[in-house]
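**Q** First, the structure itself, so that you have it in front of you.
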Amino acid sequence: NCERLHNLDPYTISRYSRQLLVPAFGVKGQENLLKSSILIIGAGGLGSPAALYLAAAGVGCLGLVDHDVVELDNLHRQVIHTEGAVGETKVKSAAAACRAINSFLKVNEHYSGLQASNAVNIISKYDIIVDATDNLPTRYLINDACVVMGKPLVSGAALGTEGQLTVYHHDDGPCYRCIFPVPPPPDACQSCSDAGVLGVVPGIIGCLQALEAIKLASGTGEPLSSRLLILDALTTSVQKVKLRGRNHSCIVCGDAPQLSRENLHQFDYEAFTSSLMSDKI
Amino acid sequence: NCERLHNLDPYTISRYSRQLLVPAFGVKGQENLLKSSILIIGAGGLGSPAALYLAAAGVGCLGLVDHDVVELDNLHRQVIHTEGAVGETKVKSAAAACRAINSFLKVNEHYSGLQASNAVNIISKYDIIVDATDNLPTRYLINDACVVMGKPLVSGAALGTEGQLTVYHHDDGPCYRCIFPVPPPPDACQSCSDAGVLGVVPGIIGCLQALEAIKLASGTGEPLSSRLLILDALTTSVQKVKLRGRNHSCIVCGDAPQLSRENLHQFDYEAFTSSLMSDKI
Amino acid sequence: MQLTLEFKGGLELLFGSVKVHQIEVEPSDGKDKLKLQELLIWVRNHLLKERPEMFMKGNSVRPGVLVLINDCDWELLGQLDAVVDEKDTVVFISTLHGG
Amino acid sequence: MQLTLEFKGGLELLFGSVKVHQIEVEPSDGKDKLKLQELLIWVRNHLLKERPEMFMKGNSVRPGVLVLINDCDWELLGQLDAVVDEKDTVVFISTLHGG
Ligand SMILES: [Zn+2]
Ligand SMILES: [Zn+2]
């Protein structure tokens, strides 16, 4: 009689066979991934490829957060949504696409969007958080909620022909506030709605976010902690730079933090950044 | 009365407004893209994201070539196909997904796959060719057909946790044969079927192929000619290296070429590479 | 001293939409190295085309701008006291938050 | 002479699955530069663990392997006659064709 060397049934082995063959990933990586839960905040330009690739790779549970509906001018970059989904909520449209790719996946649909009042509660339910949002106050909120709940944060951003990627609050690396303790002036903040974005740029960054989340969830490779990846699509140049470490006087991840899971809901993120939690004007 | 400054109707302007706003792309870039025709050879790991992003971005005509059917072990990386498409041809499944994203797109379905006998004819119909295949003889065939027909070739590859990207035969840059005049020994050729691939790696490379094709088609930025991009997903490192120029004694793009559109169909690509035009064994 | 300066993440709009600038700058006191403090003033006086408040605040860069010297965060190198040398590359990049 | 050698695209399997090697090698004739010809022999004798025919053919690399010296194709630098210097990086990478 054969010893049972792993917990994968024959269907699962067959389905994921091509990545089980990758030595650095293997059976252990797939087992870890199947047990993991990942939250994607934002089902737009970054969230579309992130959700598709995480669903396909075989994560156990995928959470999707967004409060918007699909609009025609999203379709040039938000490839998880079809023309037929225009007018539908992004979460419903994206969840259906993920289930069509992988019926074994558990998908949680969070229609309310993320606010200071619900962030800690939603984020507490997942192992890894993917920031695929489009505005500054939500980025600070997600960062703070991840820090107070002890979750690694895969952060991606795209605008015009440029993209950025890093992993915050992992392995004693910095959080978003360590790097940007003071928000930029609101005039300096361009969103995709007012400055535009070449659709495939969030495609590349969203795929890279899925990669970082898969590495974190499966225990494979080196996540991009304390490093920032910078993409210039016009020249197809990718620069990886070394970031500062954790700031011991950071108000959220420092040694004497002012923000906690108890008081985070009282922080006024829109006032702090002088901008709204939506890129709609 | 208003002067007509461009040929985009209000629906098109609205649909692509977010990328019309990108200064380096703009109305001219979108107009060029809408007039362009792009052929994707291979509707698998690389072809899935390439097709989704090219369809969404608004190319005029997309050709899809593949002779395989969707299988369960494709789904971890070939995110254009759903569980319901298992058993269907990849071309039909991918074409349906592209049309659902963009009903204005013309999609040509080439079910026969690419062989020496039909390559010149198929490739002649498109402006830009994307090599998203999985085997060595087809890569030489695509290269040769692109050179004899004067088409730029966006070449991507992925295996294990690594990926590679370049643009061949563009702007006096090298072709595939300039770099690799002699094929590797067949034992050195690992395919995704026998060596495996982390699903999101072809996702990243396929998106980058869509980016290069969009840049070529729209006249935006600098295509990756005479440069090779190398991705190491385990460390999220991307290296861009300078390649040699066109080899004047290359048998296909050199000054006295031996291969031409007339005799290419006689070249035995499987014998030349000692491997088959399919990664199935 | 020859330096390469790059402006990214939208900052290039303040510099005539040019992302990469090859510059020649001499340290004022005849030394062979240049402090970032001094480089910032040189950039403001010689390269910056518009809206200086979108690039600088006080004697440093505005919040939301990262400064990278040879692929390394300037915080690790002394910030305004960090020094650059012949052929170094300094990148000024604004954080993005679009998606 | 200190060099960084990297093996990619599957070639690392011939080198104990280690991708990055920091090596110390002295040019045989006491010069301060090393020809790639000499480096290849050193690699074969000191680092290569198995199947030498998957790495070399004759006195060069096998077909399908690119050699990159400081991010540049060795064809542009003289191929076997290209020279490396202190702290240079040489990458050996096999072309991939999976998708
Ligand atoms: Zn912090
Ligand atoms: Zn050639």
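**Q** Looking at (1) open to solvent by 30 Å² or more (accessible area, probe 1.4 Å); (2) free of Cβ contacts under 8 Å to residues at least 24 places away in the same chain, can you tell me which one B:Asn247 breaks?
**A** The failed condition is (2).
**Q** Another question, if that's okay. So which residues in segment A:135-176 are touching a helix residue (DSSP H, G or I) at 6+ places or on another chain (Cβ under 9 Å), more than 23 Å from A:Leu231 (Cβ to Cβ), open to solvent by 10 Å² or more (accessible area, probe 1.4 Å) and within 13 Å of ligand 1 (Cβ to nearest atom)?
**A** Of everything in segment A:135-176, those that are touching a helix residue (DSSP H, G or I) at 6+ places or on another chain (Cβ under 9 Å), more than 23 Å from A:Leu231 (Cβ to Cβ), open to solvent by 10 Å² or more (accessible area, probe 1.4 Å) and within 13 Å of ligand 1 (Cβ to nearest atom) turn out to be A:Val147, A:Val148.
**Q** Related question: Does segment B:43-62 hold any residues that are open to solvent by less than 10 Å² (accessible area, probe 1.4 Å), away from chain D (no Cβ under 13 Å) and assigned to a loop (DSSP other than H, G, I, E, B), and which are they?
**A** B:Gly58, B:Val59
**Q** Mind listing whichever residues of segment A:28-65 are in contact with a helix residue (DSSP H, G or I) (Cβ under 7 Å, 6 or more places away or on another chain) and on the phi > 0 side of the Ramachandran plot?
**A** A:Gly58
**Q** Moving to a separate point now. If you go through segment A:246-256 one residue at a time, do you hit one that is of a type in the set (Lys, Arg) and within 12 Å of ligand 1 (Cβ to nearest atom)?
**A** The answer is yes, given that some residue of segment A:246-256 is of a type in the set (Lys, Arg) and within 12 Å of ligand 1 (Cβ to nearest atom).
**Q** Let me confirm something: among A:Ala119, A:Ala145, which residue is modelled with pLDDT of 95 or more, small (Gly, Ala, Ser) and under 24 Å from A:Gly163 (Cβ atoms)?
**A** The match here is A:Ala145.
**Q** Can you tell which of A:Asp73, A:Asp131 is among the acidic types (Asp, Glu), more than 10 Å from chain B (Cβ to nearest Cβ) and in contact with a Lys or Arg (Cβ under 7 Å, 6 or more places away or on another chain)?
**A** Matching residue, one of A:Asp73, A:Asp131: A:Asp131.
**Q** Another question, then. Out of the residues in segment B:224-237 that are over 20 Å from the mean Cα position of the chain (by Cα) and assigned to a strand (DSSP E or B), which is surrounded by the most Cβ atoms within 10 Å (Cβ to Cβ)?
**A** Of everything passing the filter in segment B:224-237, B:Asp232 is surrounded by the most Cβ atoms within 10 Å (Cβ to Cβ).
**Q** Checking the conditions here, which among A:Leu211, A:Leu198 is farther than 21 Å from A:His67 by Cβ, at the interface with another protein chain (Cβ under 9 Å from one of its Cβ atoms), touching a Lys or Arg at 6+ places or on another chain (Cβ under 9 Å) and not basic (Lys, Arg)?
**A** A:Leu198
**Q** May I pose another question? Give the number of residues within segment C:7-41 that are within 13 Å of the chain's Cα centre (by Cα) and charged (D, E, K, R).
**A** Here the count works out to 5.
**Q** Quick check on my filter: what residues within segment B:8-44 are under 30 Å from B:Ser112 (Cα atoms) and among the β-branched types (Val, Ile, Thr)?
**A** Across segment B:8-44, the qualifying residues are B:Ile38, B:Ile40, B:Ile41.
**Q** Please verify whether A:Asp255 is of a type outside the set (Gly, Ala, Ser) and within 23 Å of A:His170 (Cα to Cα), treating the condition exactly as stated.
**A** Spelling it out, A:Asp255 is indeed of a type outside the set (Gly, Ala, Ser) and within 23 Å of A:His170 (Cα to Cα).
**Q** Answer with yes or no whether D:Val43 is under 27 Å from B:Gly245 (Cα atoms) and at pLDDT 95 or above.
**A** no
Conditions (1) of a type outside the set (Ser, Thr, Tyr); (2) more than 27 Å from B:Ala57 (Cβ to Cβ); (3) modelled with pLDDT of 95 or more, marked per residue:
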site: A:Asp187; (1), (2), (3): yes, yes, no
site: A:Leu208; (1), (2), (3): yes, no, yes
site: A:Gly219; (1), (2), (3): yes, yes, yes
site: A:Ser225; (1), (2), (3): no, yes, yes
site: A:Leu231; (1), (2), (3): yes, no, yes
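Matching residues to (1) within 30 Å of A:Ala132 (Cα to Cα); (2) more than 8 Å from chain A (Cβ to nearest Cβ):
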position: C:Ile23; (1), (2): no, yes
position: C:Gln37; (1), (2): no, yes
position: C:Val43; (1), (2): no, yes
position: C:Gly58; (1), (2): no, yes
position: C:Val61; (1), (2): yes, yes
position: C:Leu68; (1), (2): yes, no
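**Q** If you don't mind, another one. Name every residue in segment D:1-39 that is free of Cβ contacts under 8 Å to residues at least 60 places away in the same chain, in a helix (DSSP H, G or I) and aliphatic (A, V, I, L, M), in order of residue number.
**A** D:Leu13, D:Leu14, D:Leu36, D:Leu39
**Q** Then there's this: Exactly one condition in (1) at pLDDT 95 or above; (2) open to solvent by 10 Å² or more (accessible area, probe 1.4 Å); (3) more than 13 Å from ligand 1 (Cβ to nearest atom) is false for A:Pro181; which is it?
**A** (3)
**Q** Name every residue in segment B:86-124 that is away from every other protein chain (no Cβ under 11 Å), more than 30 Å from B:Asn263 (Cβ to Cβ) and open to solvent by less than 50 Å² (accessible area, probe 1.4 Å), in order of residue number.
**A** Result: B:Thr89, B:Lys90, B:Ser93, B:Ala94, B:Ala95, B:Val107.
**Q** Turning to a different aspect of this structure: Out of B:Asp9, B:Asp73, B:Asp66, which single residue is under 15 Å from the mean Cα position of the chain (by Cα) and open to solvent by 10 Å² or more (accessible area, probe 1.4 Å)?
**A** Matching residue, one of B:Asp9, B:Asp73, B:Asp66: B:Asp66.
**Q** Please find, within segment C:43-99, the residue that is surrounded by the most Cβ atoms within 10 Å (Cβ to Cβ) out of those that are in contact with an Asp or Glu (Cβ under 9 Å, 6 or more places away or on another chain) and basic (Lys, Arg).
**A** Among residues in segment C:43-99 that are in contact with an Asp or Glu (Cβ under 9 Å, 6 or more places away or on another chain) and basic (Lys, Arg), the one surrounded by the most Cβ atoms within 10 Å (Cβ to Cβ) is C:Arg62.
**Q** If we scan segment B:86-94, do we find a residue that is charged (D, E, K, R), more than 20 Å from B:Val197 (Cβ to Cβ) and touching a residue at least 40 places away in the same chain (Cβ under 8 Å)?
**A** No, segment B:86-94 contains no residue that is charged (D, E, K, R), more than 20 Å from B:Val197 (Cβ to Cβ) and touching a residue at least 40 places away in the same chain (Cβ under 8 Å).
**Q** Listed residues B:Leu234, B:Leu224, B:Leu276; which is in contact with a helix residue (DSSP H, G or I) (Cβ under 8 Å, 6 or more places away or on another chain), under 29 Å from A:Phe25 (Cβ atoms), more than 16 Å from ligand 2 (Cβ to nearest atom) and more than 12 Å from every other protein chain (Cβ to nearest Cβ)?
**A** B:Leu276
The values are calculated or read from the model by the stated rules, or taken from the named source; none is laboratory data. Predicted model, so just to flag it, every value in this text is computed and none were measured. Positions of Cβ are generated from backbone atoms using ideal geometry, with glycine treated the same way; all protein chains shown enter the neighbour counts. Quick note on the areas: whole protein, heavy atoms, side chains included, nothing else; ligands and nucleic acids left out. Shrake-Rupley method; radii C 1.70, N 1.55, O 1.52, S 1.80 Å.
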